[in-house]
Amino acid sequence: MSIAIDKQKCIGCGRCRNVCPGSLIKLDSDNRAYIKYPKDCWGCTSCIKECPAYAISFYLGADIGGMGSLVHTEKKGDILSWIIDKPEGETIKIDINQKESNKY
Ligand code: SF4
Ligand code: SF4
């Protein structure tokens, strides 16, 4: 499991660094986020959901059918969208109403 951080999109807010339970994310001298040891990431997805610039993606492993797909989130109001970009170019979007996320 691992994440990828797009430094071009990063605005240096530090939210991913603050939320990572393993303190795996740092800010470089340009105030851009990076992860030094990506293999230490256990995929909690906290940083992905926290990033306001949509700069962090999560690699979906083959074990869950990902085969190189990347997922990131975008948020509008109560709706959290999980956006999966597949290697062949297809994009899948799954919308979750966070007000109803503890319903079941
Ligand atoms: S997914 Fe979780 S463990 Fe991995 S870098 Fe992000 S916050 Fe840290
Ligand atoms: S949360 Fe996003 S924008 Fe903020 S420092 Fe991390 S990667 Fe950059």
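A few notes on this one:
- So Asn102, is it open to solvent by 50 Å² or more (accessible area, probe 1.4 Å) and either in contact with a strand residue (DSSP E or B) (Cβ under 8 Å, 6 or more places away or on another chain) or modelled with pLDDT of 95 or more (or both): no
- Scope the stretch 2-45; condition touching a Pro at 6+ places or on another chain (Cβ under 9 Å) and under 29 Å from Ala62 (Cβ atoms); matching residues: Ser2, Ile3, Ala4, Leu24, Trp42, Cys44
- Matching strands (runs of 3 or more DSSP E) fully within the stretch 1-88 where at least 3 residues are acidic (Asp, Glu), away from ligand 1 (no atom under 14 Å from the Cβ) and in contact (Cβ under 8 Å) with a residue 24 or more places away in the chain: none
Yes/no matrix, rows are residues, columns are (1) open to solvent by less than 30 Å² (accessible area, probe 1.4 Å); (2) over 26 Å from Glu100 (Cβ atoms); (3) hydroxyl-bearing (Ser, Thr, Tyr); (4) touching a strand residue (DSSP E or B) at 6+ places or on another chain (Cβ under 6 Å):
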position: Ile11; (1), (2), (3), (4): no, yes, no, no
position: Arg15; (1), (2), (3), (4): no, no, no, no
position: Lys39; (1), (2), (3), (4): no, yes, no, no
position: Cys44; (1), (2), (3), (4): no, no, no, no
position: Lys49; (1), (2), (3), (4): no, no, no, yes
position: Leu60; (1), (2), (3), (4): no, no, no, yes
position: Met67; (1), (2), (3), (4): no, yes, no, no
position: Ile79; (1), (2), (3), (4): no, no, no, yes
position: Trp82; (1), (2), (3), (4): no, no, no, yes
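- Among the residues of the stretch 17-27, those identified as within 11 Å of ligand 2 (Cβ to nearest atom) and either out of contact with any Lys or Arg (no Cβ under 8 Å at 6 or more places or on another chain) or open to solvent by 80 Å² or more (accessible area, probe 1.4 Å) (or both) are Arg17, Asn18, Val19, Cys20, Lys26.
- Only listed residue being over 14 Å from the mean Cα position of the chain (by Cα) and of a type in the set (Ser, Thr, Tyr), chosen from Ser81, Ser69, Ser57, Ser101: Ser101
- Candidate set from the stretch 84-99 (those that are exposed (fewer than 10 other Cβ atoms within 10 Å of the Cβ) and acidic (Asp, Glu)); member that is farthest from Tyr54 (Cα to Cα): Glu88
The values are calculated or read from the model by the stated rules, or taken from the named source; none is laboratory data. All figures in this text were calculated on a predicted structure; none of them were measured in a lab. Note: ideal-geometry Cβ built from the backbone for every residue, glycine included; neighbour counts use all protein chains shown. Areas reflect the complete protein model, heavy atoms only, side chains present, ligands, DNA and RNA absent. Shrake-Rupley method; radii C 1.70, N 1.55, O 1.52, S 1.80 Å.
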